[in-house]
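This is the structure I want to talk about, given as C-alpha cells.
The values are calculated or read from the model by the stated rules, or taken from the named source; none is laboratory data. Because the structure is a prediction, the values reported are computed rather than measured. So basically every Cβ, Gly included, is an ideal-geometry build from the backbone, and we count neighbours across all protein chains shown.
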C-alpha cells in the first residue's frame with residue numbers, strides 16, 4: 001500500500017447550501033503532481049476512506065482543492081469533511097486516476113456534469129481550454145446557486161457552458177444533446193447514476209461508439225432516497241438490517257462476513273449478490289449491469305445498490 | 001537518466017506494421033502496431049486487467065486483444081471488449097502514447113501527453129526528401145544512450161576506431177570549434193589539404209582534399225553530422241562544395257533502459273540520387289563503421305559498471321559532449337518530481353505563445 005500524505009487544511013469555504021470547498025497543503029513536503037481527472041482518498045479518523053476528485057488542474061503551488069457535498073443522511077464522510085477547519089490535519093493517499101482524459105485523439109470533447117459530479121471534469125476542461133480544444137460543458141443541478149464553480153466555469157467557457165437548473169424549470173435534453181454531437185465526439189460525464197444510465201441508454205440506442213462515452217461514478221444517490229432494509233442470507237442463517245447510512249456491503253462486513261469486493265463504487269461487479277427472493281424494489285446504482293440485467297433483478301451490486309423499503313434474501317460467493 | 005517529455009524513435013516506418021511489436025523505451029514497455037488506415041499506435045504493454053503483455057496477444061482489426069482473457073483495447077487504449085459481462089468497466093484502459101510519423105521514423109512521447117508538441121521533433125527532412133538519397137538501419141547497443149552521444153560529439157575517435165574507413169591522423173589533429181545556440185550544440189571541424197580517408201577516397205579521385213564535419217546535437221538524443229570532402233583549393237571552406245561530395249548522417253538514440261538503447265542511423269547524400277549502388281554501399285559502410293562504435297561503447301559500459309563511483313576525466317576534445325550532457329541534464333532537472341507539473345505547464349504556455357506569433 002502506498003504511504004499516506006499528512007496534510008493540513010488551509011481554507012474552507014461554502015460554495016452553496018450544501019457544498020464545501022476544502023483546500024489543503026502537505027504538512028511535511030510538497031504535494032505530488034497530478035493529472036486531469038485524478039482523485040485522492042481521504043482517510044478519516046474513524047477508519048472510513050472516501051474518494052474525492054481534485055478540482056482544477058495541477059498548479060504546483062502545494063495546494064489541493066476538493067469540493068464535498070453534504071449528503072443526508074451522511075454516510076459519515078461528508079459530515080466530517082464539512083466540520084473541517086483551517087489547521088486541521090487530513091491524511092490522504094497520493095493521487096490516482098480511473099477517469100483518464102485521453103489526449104491522443106483530436107476528437108471534439110463534450111462534458112456533462114450533474115451537481116457535484118462537476119469536480120473531476122474541471123481539471124480536464126481547464127487543460128483542454130489551454131490547448132485550445134474548445135470543450136463544451138452541459139451542467140445540471142437543482143439550482144444555479146447550489147451548483148459549485150458555476151461562475152468560474154462561465155468565465156472560462158462563456159457560451160460553451162450550457163446550464164440547466166431545476167428551480168428555473170430548465171432541464172437538459174439528454175437525447176437532444178447526444179443526437180447533436182459530432183460523429184467523432186467524446187462525451188465525459190460524471191453525476192448521479194440515473195443520469196449516467198440514461199445517457200448510456202441513449203448512446204447505445206443511437207449506435208454511437210461505446211468507447212467515446214467516458215464516465216466516472218460517484219456511488220451516491222439513486223432513484224429512491226436511502227432507507228433501511230432487511231436482508232437474510234439463508235446459507236449463513238443470517239438476518240440483518242441495513243441502516244439508511246450504510247451500504248449492504250458495509251453491513252455484511254460489520255457483522256463479520258467477508259464478501260468479495262474491489263471498486264466499491266458499482267463498476268467492477270465483484271461484490272454482486274444473487275437475489276433469492278425480493279419484497280420491494282431494487283434501486284440499482286451501479287454501472288456494471290446492463291439495462292436488461294438491472295430489470296431482471298436477479299442480482300445487484302452490494303457496494304452501492306439498495307432495496308427501497310422492503311426486504312431481500314440473498315446469496316453470494 | 002533520460003527525459004520523458006521528449007520524442008523518441010520507436011522504429012523505422014517499415015518496422016511498424018499490421019503486427020504487434022514490443023519496444024522498451026525509457027524503461028516503459030510499449031506495444032506498437034498500425035491501424036487499418038495506416039496510422040501507428042503505441043500502447044502500454046500491460047493489460048489493464050492482469051498486466052499480461054498485450055504484445056503477446058493478437059491484432060484484431062484496429063484493436064489489440066490480450067492473450068490471457070481476451071480483453072480488447074482500441075488504438076486510443078480504451079477497452080472495447082470484456083469477457084463474461086454485458087457492460088464495459090468505465091476505468092478500463094491502457095495508456096496510449098502520442099505517436100507521430102515523420103522523416104521515415106515513428107516517434108513516441110513517453111512523458112506527459114499534454115506537452116507532446118510535434119514541433120519538438122528534430123528536423124531530419126533529408127531522410128525523406130527528393131533532393132536526398134540514402135538509407136539507414138538500427139543497431140542495438142548495450143550501453144547508456146549518452147555514451148553514444150559522447151561518441152558522436154567528438155569524432156577524434158575516428159582515427160582509432162574507424163582507421164579502415166573514415167579515420168586518419170588528420171581527424172585527431174585538426175582543431176575544432178564548439179558553439180551552441182538555443183536549439184543545438186555544434187562542433188565544427190575542418191581538415192584542410194589532407195589525404196582523404198579510405199571511404200572518401202572511393203568517392204573522389206585520390207587527390208588532396210579539404211574535409212569537413214559539422215556536428216549538430218538536439219537534446220535529448222539526436223545528432224546530425226554534415227560531412228564531406230572537396231579537392232583542396234576548390235573553395236569548400238568558403239562555401240562552394242560543388243566539386244566535392246556531401247553526406248548527411250543521422251544518428252538518433254532511443255534509451256531502452258539505463259544501460260541499453262537502440263541506435264537509429266541513416267547515411268544520406270545529395271548527388272547521384274538514383275544510384276542504388278551508392279545507397280547500398282553507403283548504408284553497409286555505415287553499418288560496419290557503427291558496428292565498430294558498438295564494440296567500443298559496450299566495452300566502455302561494462303567498464304563503467306565494473307568501476308562504480310569512478311568518473312570520467314574530461315579533456316579539451318570533450319567540450320561538445322559536455323555541453324550536450326548539460327542540455328540533457330537541464331531537461332531532466334525541469335522534470336524532476338513533477339512529470340505533470342508547473343515547468344511542464346510553462347512549456348505549454350510558451351508553445352502557445354510561439355503559435356500566436
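Restricting the search to segment A:129-167, which residues are touching a strand residue (DSSP E or B) at 6+ places or on another chain (Cβ under 8 Å), modelled with pLDDT under 95 and within 14 Å of chain B (Cβ to nearest Cβ)?
A:133
Would you check if residue A:17 is in contact with a helix residue (DSSP H, G or I) (Cβ under 7 Å, 6 or more places away or on another chain), loosely packed, with under 15 Cβ neighbours inside 10 Å and not in a strand (DSSP E or B)? Please lay out each step first, then the result.
On the way: in contact with a helix residue (DSSP H, G or I) (Cβ under 7 Å, 6 or more places away or on another chain): yes; loosely packed, with under 15 Cβ neighbours inside 10 Å: yes; not in a strand (DSSP E or B): yes.
Here the answer is yes, as residue A:17 does meet what is asked.
Right, here's the next one. Tell me, yes or no, whether segment B:110-123 has at least one residue that is surrounded by fewer than 19 Cβ atoms within 10 Å (Cβ to Cβ), closer than 27 Å to residue B:291 by Cβ and more than 13 Å from chain A (Cβ to nearest Cβ).
Checked against the condition, which is being surrounded by fewer than 19 Cβ atoms within 10 Å (Cβ to Cβ), closer than 27 Å to residue B:291 by Cβ and more than 13 Å from chain A (Cβ to nearest Cβ), segment B:110-123 yields no hits at all.
Yes/no per residue for (1) touching a strand residue (DSSP E or B) at 6+ places or on another chain (Cβ under 8 Å); (2) outside the structural domain of residue B:43 (by TED's automatic domain parsing); (3) buried (at least 22 other Cβ atoms within 10 Å of the Cβ); (4) at positive phi:
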{"site": "B:55", "(1), (2), (3), (4)": "yes, no, no, no"}
{"site": "B:59", "(1), (2), (3), (4)": "yes, no, no, no"}
{"site": "B:66", "(1), (2), (3), (4)": "yes, no, yes, no"}
{"site": "B:71", "(1), (2), (3), (4)": "yes, no, yes, no"}
{"site": "B:79", "(1), (2), (3), (4)": "yes, no, yes, no"}
{"site": "B:83", "(1), (2), (3), (4)": "no, no, no, no"}
{"site": "B:89", "(1), (2), (3), (4)": "yes, no, no, no"}
{"site": "B:95", "(1), (2), (3), (4)": "yes, no, no, no"}
{"site": "B:99", "(1), (2), (3), (4)": "yes, no, yes, no"}
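For the list (1) at negative phi; (2) touching a residue at least 40 places away in the same chain (Cβ under 8 Å); (3) within 12 Å of chain B (Cβ to nearest Cβ), I need the number of the one condition that residue A:266 fails.
(1)
Residue-by-condition table, conditions (1) at pLDDT below 95; (2) crowded, with 17+ Cβ neighbours inside 10 Å:
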{"position": "B:169", "(1), (2)": "yes, no"}
{"position": "B:173", "(1), (2)": "yes, no"}
{"position": "B:177", "(1), (2)": "yes, no"}
{"position": "B:186", "(1), (2)": "no, yes"}
{"position": "B:196", "(1), (2)": "yes, yes"}
{"position": "B:202", "(1), (2)": "yes, no"}
{"position": "B:218", "(1), (2)": "no, yes"}
{"position": "B:223", "(1), (2)": "no, yes"}
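Among the residues of segment A:149-162, is any in a loop (DSSP other than H, G, I, E, B) and surrounded by fewer than 17 Cβ atoms within 10 Å (Cβ to Cβ)?
no
Among the residues of segment B:84-104, which ones are assigned to a loop (DSSP other than H, G, I, E, B), closer than 19 Å to residue B:23 by Cα and either touching a helix residue (DSSP H, G or I) at 6+ places or on another chain (Cβ under 6 Å) or at the interface with chain A (Cβ under 9 Å from one of its Cβ atoms) (or both)?
Those that are assigned to a loop (DSSP other than H, G, I, E, B), closer than 19 Å to residue B:23 by Cα and either touching a helix residue (DSSP H, G or I) at 6+ places or on another chain (Cβ under 6 Å) or at the interface with chain A (Cβ under 9 Å from one of its Cβ atoms) (or both): B:95, B:98, B:104.
Condition first: out of contact with any strand residue (DSSP E or B) (no Cβ under 6 Å at 6 or more places or on another chain) and either under 18 Å from residue A:118 (Cβ atoms) or modelled with pLDDT under 85 (or both). Now tell me which residues in segment A:36-55 satisfy that.
Residues satisfying the conditions are A:36, A:37, A:38, A:46, A:47, A:48.
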